[in-house]
Amino acid sequence: MDYLKNLNEPQLEGVMNTEGPCMIIAGAGSGKTRVLTMRIAHLIKAQEVDPFNILALTFTNKASKEMRNRIEDVVGHEARNIWMGTFHSIFARILRAEASKLGYPSNFTIYDTDDSKSLIKNIVKEKGLDDKVYKPNTVLNRISAAKNRLVSWQEYLKNPIYRADDESAMKPEVGNIYQAYADRCFKASAMDFDDLLFNTNVLFRDHLDVLNKYQQRFRYVLVDEFQDTNLSQYLITKKLAAVNQNICVVGDDAQSIYAFRGADIQNILNFEKDYVDLRVIKLEQNYRSTQNIVDAANSVINKNRAQLKKKVWTENTPGELIEVIKASSDNEEGKLVASNIFEEKMHHQLSYEDFAILYRTNSQSRSIEEALRRANIKYKIIGGLSFYQRKEIKDILSYLRFAINQQDEQALRRIINLPKRGIGPASVDKVVVAAYEHDITIWEVLENIHSFLSGRTANAIADFVTMIKAFKLEIERKDAFEAATHIAKNSGILRELYEDKTIEGLNRYENVQELLNAIKEYVDNEENEDKSLGAFLQEIALLTSVDQDKSEDNDLVTLMTIHMAKGLEFKYIYVVGMEEDLFPSQMMLSSRADLEEERRLFYVAITRAKIKLCLSYALNRYRFGRLKNCEPSRFLEDIDPKYIKVNRLQKGSDALAFDQLNPNHGTGSQYARNLVNSVRKKPAPNPQHYHKPDKDFAPSDTSGLAEGMKVEHAKFGFGVVTMMDNLGANKKAKVNFEKFGEKTLLLSFAKLKIHDS
DNA sequence: TTTCTGTACTAATCA
DNA sequence: AGTACAGAAA
């Protein structure tokens with residue numbers, strides 16, 4: 001068993017003891033992924049467990065792909081048959097198979113966050129509530145938190161605690177919005193991300209035969225990043241492992257950074273109570289980083305109160321001290337980091353792929369990118385706006401979604417007037433109201449539109465329905481790729497993009513081509529058993545941009561958020577934007593628990609580095625298009641100073657000069673800027689300047705209007721007709737107004753009173 | 001109904 | 001710096 005070589009004592013223990021419940025508490029860089037992969041390999045090779053009986057759950061597709069590859073290296077192609085993937089993807093797959101038990105079609109749609117938010121927006125509007133109070137984001141977070149704690153809308157409405165919470169937040173209607181939201185999702189045959197887990201719980205609760213089937217199937221259950229599971233996920237795994245009791249979880253409480261998604265460190269503590277015969281293994285030796293980095297990380301995490309005691313140590317060399325870079329602005333920060341990377345690369349003969357730049361928020365990537373481009377340093381961005389979130393892609397996907405599932409309300413709203421076909425929001429509202437009044441689906445109203453509406457809009461809708469029905473047939477008859485191509489072409493989207501000859505237009509056109517290629521690839525890939533368009537859509541709904549790395553050139557500097565970096569390692573790590581209100585984020589300052597989570601995030605960032613860590617901050621930064629002063633992050637002070645190199649003055653930096661110029665943090669210049677802005681600002685149009693007609697003002701019949709007539713306009717006041725244009729369907733008149741000058745008015749719209757002839 | 005324009009508001013992290 | 005929305009004009 002040569003795969004067992006090079007494992008230390010506790011690691012070996014984690015690999016060999018495959019039976020019974022087991023929890024591995026693994027410090028950063030202690031080789032936990034290695035233990036997990038070797039454990040699975042051991043199950044297959046030594047214990048002859050059928051890969052089909054192993055369920056391994058991860059948090060990102062990237063992690064699961066990587067793990068599968070590493071297992072494949074040991075056990076060969078059999079690794080393919082392991083049930084390995086993210087919680088969401090695995091249970092979406094199971095729900096697809098069992099959907100009918102929950103009253104869903106197997107082709108249910110998966111709503112992404114945008115779909116959810118816009119649905120909530122619609123509901124708030126329909127209920128006549130104030131959208132300033134019920135912001136989609138806030139409401140969705142509240143609903144999401146409830147679902148992650150397995151609280152249905154019925155229980156939510158019943159529970160006085162939630163009611164009191166909502167009332168003290170001046171949002172008493174949240175429960176009712178939750179109810180409407182759940183109802184509309186169900187009617188749309190749609191599940192949001194949280195529903196995938198929530199409904200899996202419902203499925204296992206209400207259908208014991210189904211639960212039993214999967215309990216038998218998954219004889220071994222393994223969970224990576226266990227500290228990031230929420231209650232919903234925790235209960236699923238617990239239920240699945242209830243019969244065989246072969247459950248192994250791996251985690252590190254110091255790296256729990258997903259509380260905002262309902263993750264609960266308590267799960268680790270509860271785990272010990274749930275399994276009396278639990279074997280607990282601690283991995284504390286760090287193999288990844290230098291002594292200085294490990295010690296600095298420890299000094300940071302020790303500032304947190306809530307944590308399990310554990311000592312991460314290393315035998316590695318002390319290595320370099322941590323460098324702190326101070327810059328005058330975000331742009332300069334980018335420049336300094338770029339030149340620093342270039343120097344280190346040259347000096348130590350490194351590749352660009354040895355470097356990663358981490359930041360708290362995606363919006364910070366802009367200034368860094370700019371600097372890297374100027375310095376001719378190649379880079380790749382992970383995360384940010386994903387390919388599947390682009391407008392043109394979402395448009396096409398909405399067509400595909402709606403052709404498959406006619407109940408998908410959000411997809412319908414997106415495409416019904418795209419390209420423009422004369423069906424405006426007013427008509428859509430009428431349709432929705434009609435559906436509500438007759439208690440039928442929106443699609444049924446559309447199919448029989450002539451019973452509800454007449455005229456041009458009704459015809460447009462009838463044409464739309466005919467088109468969708470044709471698409472449906474296309475999907476039934478042809479494979480996913482051909483059907484999608486047909487829909488892209490015949491919906492008119494592709495043509496509209498093709499006619500747009502701007503650079504962005506060309507880009508969009510290419511993106512659609514790329515989407516079609518992706519479908520082709522999906523169809524051609526032998527590993528996908530279900531090649532239908534519906535399966536493809538469900539799969540990509542759970543994909544993020546992390547999962548698509550196809551670039552030929554791999555020697556690139558990596559840019560990403562700290563969250564994305566979890567589980568990865570690089571020789572050189574740059575953490576940028578070490579400023580108050582940015583990192584820690586200003587939204588995390590309200591409670592100790594929030595601040596501690598933020599600090600764990602910093603811990604994660606530090607421990608990604610193998611050889612050198614570099615932290616940077618800027619004194620000024622553009623936010624919302626305005627320059628803001630910033631202060632260095634309190635986290636810099638959390639590091640024991642003996643691990644930090646006192647920085648030489650940056651050459652080429654005017655940071656010092658800037659400080660001298662602006663001893664008061666640049667308030668003077670801000671004042672000057674405000675002055676300039678106030679001068680530049682155009683005076684706001686004053687409605688009081690508009691003409692006020694008599695209260696008995698009534699528009700005249702303008703069919704006999706002619707040049708030279710004196711008229712009164714409701715807003716522009718008195719004027720003289722200077723020219724008539726009676727050609728074509730739209731009669732126009734040019735009127736020279738006393739106060740507003742010459743205007744061209746469409747007579748079918750303009751309200752004019754004729755004052756003399 | 002559509003298009004244009006100015007304004008107000010925004011960016012926390014992921015599946 | 002972007003974009004989403006409202007309101008005006010066509």
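The values are calculated or read from the model by the stated rules, or taken from the named source; none is laboratory data. Values in this document were obtained by computation on a predicted structure and should not be read as measured data. For neighbour counting, all protein chains shown are included, and Cβ atoms are generated from backbone atoms with ideal geometry for every residue, glycine included. SASA here: full protein model, heavy atoms, side chains in, ligands and nucleic acids out. Shrake-Rupley method; radii C 1.70, N 1.55, O 1.52, S 1.80 Å.
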* Tally, over segment A:368-405, of residues that are hydrophobic (A, V, I, L, M, F, W, C), under 19 Å from residue A:351 (Cα atoms), open to solvent by less than 50 Å² (accessible area, probe 1.4 Å) and in contact with a strand residue (DSSP E or B) (Cβ under 9 Å, 6 or more places away or on another chain) -> 4
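Conditions tested, residue by residue: (1) modelled with pLDDT under 95; (2) surrounded by fewer than 17 Cβ atoms within 10 Å (Cβ to Cβ).
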| position | (1), (2) |
| --- | --- |
| A:242 | yes, yes |
| A:268 | yes, no |
| A:293 | no, no |
| A:327 | yes, no |
* Pairs with Cβ under 8 Å, 6+ apart, first in segment A:625-641 and without any contact (Cβ under 8 Å) to a residue 40 or more places away in the chain and farther than 15 Å from residue A:293 by Cα, second open to solvent by less than 50 Å² (accessible area, probe 1.4 Å) and among the basic types (Lys, Arg) -> A:628/A:621
* To do: Being part of a helix (DSSP H, G or I) and β-branched (Val, Ile, Thr) is the filter; apply it to segment A:492-535 and report the residue that is farthest from residue A:393 (Cα to Cα).
  => A:523
* Applying the selection to segment A:359-376, what residues are away from DNA strand B (no atom under 11 Å from the Cβ) and farther than 13 Å from residue A:342 by Cα? -> A:368, A:369, A:370
* Structure fact -> When residue A:606 is run through (1) at pLDDT 95 or above; (2) within 10 Å of DNA strand B (Cβ to nearest atom); (3) among the aliphatic types (A, V, I, L, M), the failure sits at (2)
* **Residue that is most open to solvent (accessible area, probe 1.4 Å), among those in segment A:565-595 that are touching an Asp or Glu at 6+ places or on another chain (Cβ under 9 Å) and in a loop (DSSP other than H, G, I, E, B)** => A:589
* Selection within segment A:224-270 - touching a Pro at 6+ places or on another chain (Cβ under 8 Å) and not in a loop (DSSP other than H, G, I, E, B) -> A:247, A:248
* Asked: Is there a residue being part of a strand (DSSP E or B) and buried (at least 23 other Cβ atoms within 10 Å of the Cβ) anywhere in segment A:170-184?
  -> no
* To do: At least 2 residues that are surrounded by fewer than 18 Cβ atoms within 10 Å (Cβ to Cβ) and at positive phi in each: list the helices (runs of 4 or more DSSP H) lying fully within segment A:3-96 that qualify.
  => none
* Asked: Going by the conditions given, is residue A:162 part of a helix (DSSP H, G or I) and touching a helix residue (DSSP H, G or I) at 6+ places or on another chain (Cβ under 8 Å)?
  -> yes
* Do we find that residue A:63 is modelled with pLDDT under 95, under 30 Å from residue A:291 (Cα atoms) and either touching a Leu at 6+ places or on another chain (Cβ under 7 Å) or aliphatic (A, V, I, L, M) (or both) in this structure? -> yes
* In segment A:131-157, residue surrounded by the most Cβ atoms within 10 Å (Cβ to Cβ) [restricted to those that are away from DNA strand B (no atom under 12 Å from the Cβ) and among the charged types (D, E, K, R)] -> A:142
* Asked: Scanning for something open to solvent by 30 Å² or more (accessible area, probe 1.4 Å), at pLDDT below 95, at positive phi and not hydroxyl-bearing (Ser, Thr, Tyr), does segment A:187-204 turn up at least one residue?
  -> no
* **Hey, residue A:14 over 22 Å from residue A:83 (Cα atoms) and within 35 Å of the chain's Cα centre (by Cα) or not** => no
* Asked: Is it true that residue A:288 is touching a helix residue (DSSP H, G or I) at 6+ places or on another chain (Cβ under 9 Å) and part of a helix (DSSP H, G or I)?
  -> no
* **Members of segment A:599-640 that are under 19 Å from residue A:561 (Cβ atoms), surrounded by fewer than 24 Cβ atoms within 10 Å (Cβ to Cβ) and within 16 Å of DNA strand C (Cβ to nearest atom)** => A:621, A:622, A:623
* Does at least one position in segment A:552-559 carry a residue that is open to solvent by 10 Å² or more (accessible area, probe 1.4 Å), more than 17 Å from residue A:363 (Cβ to Cβ) and at pLDDT 90 or above? -> yes
* In this structure, does residue A:430 turn out to be within 16 Å of DNA strand B (Cβ to nearest atom) and either closer than 21 Å to residue A:537 by Cβ or part of a helix (DSSP H, G or I) (or both)? -> yes
* open to solvent by less than 30 Å² (accessible area, probe 1.4 Å), of a type in the set (Val, Ile, Thr), within 16 Å of DNA strand B (Cβ to nearest atom) and assigned to a loop (DSSP other than H, G, I, E, B) - does that describe any residue in segment A:406-420? -> yes
* Would you please list the contacts, defined by Cβ atoms under 9 Å and residues six or more apart or on different chains, that run from a residue in segment A:451-464 that is open to solvent by 40 Å² or more (accessible area, probe 1.4 Å) to a residue that is of a type in the set (D, E, K, R)? => A:452/A:430; A:463/A:421
* Residue tally, condition modelled with pLDDT of 60 or more and either among the hydroxyl-bearing types (Ser, Thr, Tyr) or over 16 Å from residue A:299 (Cα atoms) (or both), over segment A:616-661 -> 21
* Structure fact -> Flagged in segment A:100-113 as more than 10 Å from DNA strand B (Cβ to nearest atom) and either in contact (Cβ under 8 Å) with a residue 40 or more places away in the chain or in contact with a Phe, Trp or Tyr (Cβ under 6 Å, 6 or more places away or on another chain) (or both), in numbering order, are A:101, A:102, A:103, A:104, A:105, A:106, A:107, A:108, A:109, A:111
* Asked: Among the residues of segment A:406-430, how many are under 31 Å from the mean Cα position of the chain (by Cα), without any contact (Cβ under 8 Å) to a residue 40 or more places away in the chain and away from DNA strand C (no atom under 16 Å from the Cβ)?
  -> 1
* Mind checking which pairs have a first residue in segment A:337-363 that is outside any helix (DSSP H, G or I) and a second that is open to solvent by 50 Å² or more (accessible area, probe 1.4 Å) and within 16 Å of DNA strand C (Cβ to nearest atom), Cβ under 6 Å, 6 or more apart or different chains? -> none
